[in-house]
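**Student:** Below: one structure in structure tokens.
The values are calculated or read from the model by the stated rules, or taken from the named source; none is laboratory data. What you see is a predicted model, and the numbers here were worked out from it, not measured in a lab. Because the Cβ atoms are built from the backbone with ideal geometry, glycine has one as well, and the counts that use them run over all protein chains shown.
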Amino acid sequence: MSQKVAVVTGGTRGIGLSISNALIAEGHKVAAVYFGNNEAAMKFEGAANGNGKAFKFDVSDYAACERGYAEIVESLGDVSILVNNAGITRDGMFHKMPEENWHSVIHTNLNSCFNMCRVIVPGMRDQKFGRIVNISSINGQKGQFGQVNYAAAKAGMIGFSKALALESAAKGITVNTVCPGYIETEMTGHMNQDVLDSIVKQIPVGRMGKPQEIADVVSFLVSEKAAFITGATLSANGGQYMA
Ligand code: CAA
């Protein structure tokens, strides 16, 4: 595939970092969007040999996305690939969930997807080419104790992707969703070990996934080879849930 400009949200840590690095390895220029961790962003840029640049803005804020997108285009050129990966958890039983933990998860995980697509899709339509991959979760497919907020946001991404795929197909833009299962990252690293152990016991392949295993799926979906795949929901979860 010829070199493209890719935007990866949450692209300097966890699954997003692996996706950024995989797209760089495929020959693309990557704009990795981050908001929290400057140190991780500097480390990513340092290792990217000029092929990856970190951009700091809040993907849950529409105006910030408009400004951030303009900076990315000015710095790297027109964007052809978008991976909406940024996400947070605020786990807790629903009957004890503070309103703030509902809104923050919906804003960061789902509204971000609207914001980034809304600012980037018009340019893709002009180019008559685009690849959008939204990183959802097994827990958006099946639900999970303690994750009413997260499951709602992640399930929302699936419907969002299917509708946008329909509207975009005739313009050469594919929109797909990847649903990772439990992957070895900081996010799962923060879970209570007993809870995590009981979840791993339910994974047929007998282990958690690796970030690279999600990045490999994304690399394929953004390639020319995947032109006929759109509106799809791809599970990568070690057999834990078969949608
Ligand atoms: N299945 C069945 N019952 C469960 C359960 C489960 N998975 N989790 C909790 N329960 C039950 C408990 O046994 C307990 O029952 P009793 O009241 O009868 O004793 C009740 O629910 C409340 O449990 P806790 O006392 O543990 O309540 P808590 O408020 O301290 O915590 C929780 C509950 C928030 C659900 C906690 O167990 C938790 O954090 N679970 C993990 C949630 C999870 O999987 N998060 C994924 C993070 S990683 C990620 O999100 C990435 C991705 O995409 C996969």
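**Student:** I'm told Asn49 meets every condition in (1) surrounded by fewer than 19 Cβ atoms within 10 Å (Cβ to Cβ); (2) touching a Phe, Trp or Tyr at 6+ places or on another chain (Cβ under 7 Å); (3) of a type outside the set (Ser, Thr, Tyr) except one. Can you identify the failing condition by its number?
**Tutor:** (2)
**Student:** I would also like to ask the following. Pick out the one residue from Gly14, Gly77, Gly27 that is away from the ligand (no atom under 15 Å from the Cβ), within 20 Å of the chain's Cα centre (by Cα) and on the phi > 0 side of the Ramachandran plot.
**Tutor:** When all the criteria are applied, what remains is Gly27.
This table checks each residue for (1) among the aliphatic types (A, V, I, L, M); (2) surrounded by fewer than 23 Cβ atoms within 10 Å (Cβ to Cβ); (3) within 20 Å of Ser219 (Cβ to Cβ); (4) at pLDDT below 95.
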position	(1), (2), (3), (4)
Lys4	no, yes, yes, no
Val7	yes, no, yes, no
Thr12	no, no, yes, no
Leu17	yes, no, yes, no
Leu23	yes, no, yes, no
Val30	yes, no, yes, no
Met42	yes, yes, no, no
Asp58	no, yes, no, no
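**Student:** Just the residues that are on the phi < 0 side of the Ramachandran plot, in a loop (DSSP other than H, G, I, E, B) and away from the ligand (no atom under 11 Å from the Cβ), please, taken from region 204-230. Before the answer, list the steps.
**Tutor:** Step one: filter region 204-230 for residues on the phi < 0 side of the Ramachandran plot, giving 204-205, 207-230.
Subsequent filtering for residues that are in a loop (DSSP other than H, G, I, E, B) retains 204-205, 207-208, 210, 222-223, 227-230.
Scanning region 204-230 gives Pro204, Val205, Arg207, Lys210, Val222, Ser223, Ala227, Phe228, Ile229, Thr230.
**Student:** What are the residue pairs meeting all of these: first residue in region 138-166, first residue on the phi > 0 side of the Ramachandran plot, second residue part of a loop (DSSP other than H, G, I, E, B) and of a type in the set (Gly, Ala, Ser), Cβ atoms under 7 Å, and 6 or more apart or on different chains?
**Tutor:** Short answer, once both residue conditions are applied: Gly146/Gly92.
**Student:** Still on this structure, I have one more. I need the full set of residues from region 77-111 which are in a loop (DSSP other than H, G, I, E, B), crowded, with 18+ Cβ neighbours inside 10 Å and in contact with a strand residue (DSSP E or B) (Cβ under 8 Å, 6 or more places away or on another chain), in order please.
**Tutor:** Selection gives Val79, Ser80, Asn85, Ala86, Gly87.
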